[in-house]
Structures are given as structure tokens and as C-alpha cells.
Amino acid sequence: MDFILENPLILALIKSLLVVGVVMGMAAYAVLAERKVCGWIQGRPGPNRTKLPLLGDLPIIGPFLTRLGIFQPMADGLKFLVKEEPTPGHVKRFYYVLAPIVSFIPAMTTMTVLPFGLWKTADGVQPLVLANIDIGILFILAVSSLGVYGIILAGWASNSKYPFLGGIRASAQMISYELAMGLSLLPVFMWFAPETGGSLNLFNIVQAQGNHYWNVIPQWTVFFQPLGALIFLVSLFAETNRAPFDMPESETDLVAGFNTEYGAFKFGLFFLGEYTHIIIGSGVFVALFLGGWNLPWIGLPAGILGAVLSVLVFLVKTCALIFLFIWVRWTLPRFRYDQVMNLGWKKLLPLAVANFVLYLILIALIES
Amino acid sequence: MATKVVERKPLSIWERSYLPQIVGGLKITFKNMFKPTVTLEYPEERPEIPPGYRGVPTLVRDPNGREKCVSCQLCEFVCPPKAIRITPGEIPEESESRHVEKGPQEFEINMLRCIYCGLCQEVCPEEAIWLQDIYSFTGYSREEMVNDKQKLYELGGTLPDPYYKWDRKKQAELEGNPHH
Ligand code: SF4
Ligand code: SF4
């Protein structure tokens, strides 16, 4: 046992399997949550039929879980695995197969640098993260925007008009919102520079948000940079291709957009990638703006309990944000393509620059 | 006519930011989440069929158990998709309703053709064919989807019609008034 726990390689392997498992599970259940919430909002019950033989037969819990659709993701997953996988004849086969992989991997990669908790021991605080690297946020921004290559590739490799349009839209949209997103993050890091020593490490940022101003107001970024938070959130919606910004998919005018020609498991990869993106995006938002695992006014205890608690707090906040994603999707109609571009370039970008300059001056004033 | 000029205030910046509308929409959808669902969960719950519903066409008997159809074949002719096929037959001598003279030997409605238009019911002079409340009719083969006479009467049942047209006719004939 000791040997296993002391071997860094095996430990890292266990940790990453655990994290991947949790995130994949969350992605599967995010799909269920999406369908359920969508159903409730529209006055429907949502998926409520799928039943596991043994668990579903338990007296009271069984029907309850079945009504809640708890078993639905398993059926969905199984369906994706065993479905026939047709490849249309007109596609560019190599890139066609490559595209779902390319869009899935970045989504999975970003989770490595996202801290999701902390472990307080006698000799200091340890972050719970797969890779605690100093350029954390840069890494996330860089890798997550690689995901768009998968979509563009899919659009192009499909070799038909609707996916192609979807791919083009995706690239334009990503570029537009990436700028505002990056700019809206800068003030956060400048603000916490005194506490973090100016590093881009996500863990330090979250830790810095654990303090309180005058011992009352929790130092969560969202409280004193609401505009930045809003810009980041909107860009996040755009970057994850969520309604009202789901231009690349836009099923009313583009059939299914970039994934029109995809089916079965390849489509499943796109789907999973999208939801993983949402989960990681929510995680980043929680870490940067909502204080991560910090609770207002309450400090976390040391040891295992504190670690578990910190992860739970982080997960609850993330889930709340995922709910917001779903909730917004079933509330707002999709923007028109030119409106999306307008909003990105003419509204969000200037706003982000103004926000940046404002906090630049503010921070300079405070420090002098 | 006096016209009323509607004052259109320009939107304030806050309104133009689109945010209040988003918040309003979010509020509405959030409230909706807790309202009871309107779904009819089909196989367990069944819809209530309103009177006058045009379901599967069926044949009916009168309360005495006499089949009402006199095999006039009007429905066969009116049926737009030609779903009905009737083989007319004579009513045997010893039957009580011999005076009706004709009745269907075979009566088939092909439910793969029927479009539920209700014209057969409308045209029938005897009120013998009725589109009732069966809204779901399924089968595994084409043959199964053709309702024969027996099936039609099974589905149709009895029409609670107290007029007894043919009994009166017989009565009148017996009383020496055949053209009643
Ligand atoms: S309902 Fe219309 S289509 Fe069906 S049998 Fe009667 S006349 Fe024909
Ligand atoms: S059902 Fe009515 S219309 Fe059709 S043959 Fe019989 S009596 Fe005539």
C-alpha cells in the first residue's frame, strides 16, 4: 500500500482516473439534467422510463429514481456504443474521424490544471489538482480554444454545405469572443497580484478569494468585478457553443450544423466534449469569480474532512453554474449570426477594454 | 376620427443592454419548472375521447340484436379511399327480419386505407356504421388490419336506438298498411 501511495506515477494515475471518472460522470448527468430541466421548463416530465432491473425494482426508491431518469445516461451511453456507425461516402475520411477526437481531447485536457479543492496539513496547504502549473489560466485559455479546431475540421471534412457553414460560424465566433474573454480575466489577476505575487496560478487566485474585506465582505471576484464576471460568463457561453450562441449547431437553419454528418459514437464524442467544456468552463468561472471552494465567513477544517468539504463546495458551485447554463439555454432564443458578431466585437470587446482600463486605474490609485 | 398618438419612449441604456429582459425570461422559466407537467403519459394514462370523435369505423346492432346494415352499399361508394368492401346477401327465409330483405354477407373495412373521414357514417341511411372512440388500431400484418364483419360488430356493439324502424314496418304490414 505504501509503495503504491509513494510512487508518484501510480498516484498521479489514480488521481487522474478519479478526476476523469468524476468529470465524465458529471458530463453524462449534465445531459440528463439538461433534458430534465428542459422538460420541467416546458411543462413535461422529461426522461422517466428507463429502469435498471434490480435497482429499479426496489420498493420506493426504485420508481423514484426511475421517474427522475437516473438510469437514462447508462442507456444513452450504451446506445452510443452499440449503434451502427455509418460513414457517409462523400466525407474526407481521415479528418472526419479525427474531428471528434480533436474536439474531445482539449475538453479533457483543460481539467488537469483546474484546482478543485485543497488539503490542509500541518505543514501547509496543498492544492487538489492534477497539475498545479504556474500558467494555469493561460493553459486553459489556450487549450480550450483548440477545441474549435475539432468543429472546423468536422465542418470541412463532412464535405457538405450545412456542416461547412457551421464550421465557419464556429471559427468566427470563437475568435471574436476569445478576445473579450481574455481581456475580462486580466483585471482579476491584477487585482490579486499583491496576494499571489502576480502569478497566473489558479490555486493562488482561489486562495486569495478566501480572505474578507474588513472581515465582512468575502473577497470573491464577482463582488467587485461584476462587469468582468458578466463579460466572462457571456464569452463562456459563446466559447462553449451554448444557446443563445449555438451558432455552429443552430439546428433551425443548419440541420445540426457541424455534426450533421456524424452519428453514433463519433457524435457521442462531440456531445461529451461539449458538456465537458461546459463543466470545465463552469469550474473555471467558479474558481476565478465565485471564490472556488471558499465559503463566506466559514473557514474549512484541516485534514481529510476539510479536503472533502472543499471539493464538495466546489462541486456544488460548479453544478449551480451548470444549471445556469441549462436554464439560460431553455429561456433565450438563439441570436442571429450578425447579432452574435455585433455583440462580440462592438459591445463586449469595448466593454472588456473599458473594464480593463478602469481596474488598471483603480488598482494604480489603491496602490499609490 | 380622432387618432391617438402612442408615445414610444426610447429605451434606456439599461433596457437596451438586454439584461432586464433576460432576467425576466429566466424568472418565467424558473417559475415554470415548478408547475405541474401537462404531459399525458400515454400508455398508462389515456386521453378522454370527446363525443363526436371520429375513430375506427364500426358496425352496430339495434337493441334487439338485429344488424342494422341493410347492405345498400352507399358507404362503399362514398368512401373516398375505397376502404370498404361489401358482399350483399339475402336474408334467409326463416329469419325473423326477413322483411328487411338484404344484409351484408361480408363487410370489410381496410384500416390501412381508411382516412377516418366519417363519410360512411354520414351517408348511411340506417345509422348502421359509426366512427367510434377507438383511436389506436395496430397490427403486425396487412391482413390483421382489415376488419371483417364479425370484428366490426364486436367493435361496434349495440346502438341504443329506441325507434325500431323495421319492427314498425312489419307491424304496419301486418295491419294491412304496407306503405306506412
Ligand atoms: S371513414 Fe371514410 S375512409 Fe373510413 S371507411 Fe368510412 S368513408 Fe371510408
Ligand atoms: S353500413 Fe349503411 S350505408 Fe353501408 S351498406 Fe350498410 S346500410 Fe348501407
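The number of residues in region A:27-52 being more than 12 Å from every other protein chain (Cβ to nearest Cβ), open to solvent by 40 Å² or more (accessible area, probe 1.4 Å) and assigned to a helix (DSSP H, G or I) comes to 2.
Look at region B:80-102: where a residue is within 15 Å of residue B:70 (Cβ to Cβ) and within 16 Å of ligand 1 (Cβ to nearest atom) and a partner is part of a loop (DSSP other than H, G, I, E, B) and not charged (D, E, K, R), sitting 6+ places away or on another chain with Cβ atoms under 7 Å, you get B:86/B:71; B:86/B:73.
Please enumerate the residues belonging to region A:109-155 that are assigned to a helix (DSSP H, G or I) and polar (S, T, N, Q).
Initial filter on region A:109-155 (assigned to a helix (DSSP H, G or I)): A:109-113, A:136-155.
Hits for region A:109-155 are A:109, A:110, A:112, A:144, A:145.
Open to solvent by less than 20 Å² (accessible area, probe 1.4 Å) and more than 14 Å from chain A (Cβ to nearest Cβ) - does that describe any residue in region B:39-55? Yes, that holds for at least one residue. Those helices (runs of 4 or more DSSP H) of region B:102-180 in which at least 3 residues are away from ligand 2 (no atom under 12 Å from the Cβ) and loosely packed, with under 13 Cβ neighbours inside 10 Å, considering only elements entirely within it, cover B:165-174.
Being assigned to a loop (DSSP other than H, G, I, E, B), of a type in the set (Gly, Ala, Ser) and either modelled with pLDDT under 80 or open to solvent by 30 Å² or more (accessible area, probe 1.4 Å) (or both): is that true of residue A:62 here?
On the way: assigned to a loop (DSSP other than H, G, I, E, B): no; of a type in the set (Gly, Ala, Ser): yes; either modelled with pLDDT under 80 or open to solvent by 30 Å² or more (accessible area, probe 1.4 Å) (or both): yes.
No; evaluated as a whole, the condition is false for this residue.
Of B:74, B:59, all but one fail to be within 12 Å of ligand 1 (Cβ to nearest atom), within 23 Å of residue B:111 (Cβ to Cβ), touching a residue at least 12 places away in the same chain (Cβ under 8 Å) and open to solvent by 60 Å² or more (accessible area, probe 1.4 Å); the exception is B:74.
For region A:117-145, the set of residues classified as out of contact with any strand residue (DSSP E or B) (no Cβ under 7 Å at 6 or more places or on another chain), within 19 Å of residue A:19 (Cα to Cα) and in contact (Cβ under 8 Å) with a residue 40 or more places away in the chain consists of A:129, A:130, A:132, A:133, A:136, A:137, A:140, A:144, listed by residue number. Annotation note: of A:330, A:297, A:345, A:293, the sole residue that is on the phi > 0 side of the Ramachandran plot and either within 21 Å of the chain's Cα centre (by Cα) or surrounded by fewer than 24 Cβ atoms within 10 Å (Cβ to Cβ) (or both) is A:297.
Look through A:280, A:322, A:361, A:326 and report the one residue that is without any contact (Cβ under 8 Å) to a residue 12 or more places away in the chain and either out of contact with any His (no Cβ under 7 Å at 6 or more places or on another chain) or more than 26 Å from residue A:124 (Cα to Cα) (or both).
Going through A:280, A:322, A:361, A:326 in turn, the sole match is A:361.
Number of residues in region B:108-163 that are polar (S, T, N, Q) and within 15 Å of ligand 1 (Cβ to nearest atom): the value is 4.
Of all residues in region B:74-88 being touching a Leu at 6+ places or on another chain (Cβ under 9 Å) and closer than 14 Å to residue B:130 by Cα, which is farthest from ligand 2 (Cβ to nearest atom)?
Here is the first cut: in region B:74-88, the ones touching a Leu at 6+ places or on another chain (Cβ under 9 Å) are B:75, B:78-80, B:83.
From what's left, closer than 14 Å to residue B:130 by Cα: B:75, B:79.
Working: B:75: 3, B:79: 9 Å.
Within region B:74-88, the match that is farthest from ligand 2 (Cβ to nearest atom) is B:79.
All of (1) under 42 Å from the mean Cα position of the chain (by Cα); (2) within 14 Å of chain A (Cβ to nearest Cβ) hold for residue B:16 with one exception: (1).
Every condition in (1) surrounded by 16 or more Cβ atoms within 10 Å (Cβ to Cβ); (2) modelled with pLDDT of 90 or more is met by residue B:80 except one, and the failing one is (1). Looking across region A:69-112, the residues that are open to solvent by less than 40 Å² (accessible area, probe 1.4 Å), more than 17 Å from residue A:21 (Cβ to Cβ) and among the polar types (S, T, N, Q) come down to A:72, A:103.
The values are calculated or read from the model by the stated rules, or taken from the named source; none is laboratory data. In this text the structure is predicted, and so the values were computed from the model without any measurement. Every residue, glycine among them, receives a Cβ derived from its backbone with ideal geometry; neighbour counts consider all protein chains shown. These area figures cover heavy atoms from the full protein model, side chains too; ligands, DNA and RNA do not enter into them. Shrake-Rupley method; radii C 1.70, N 1.55, O 1.52, S 1.80 Å.
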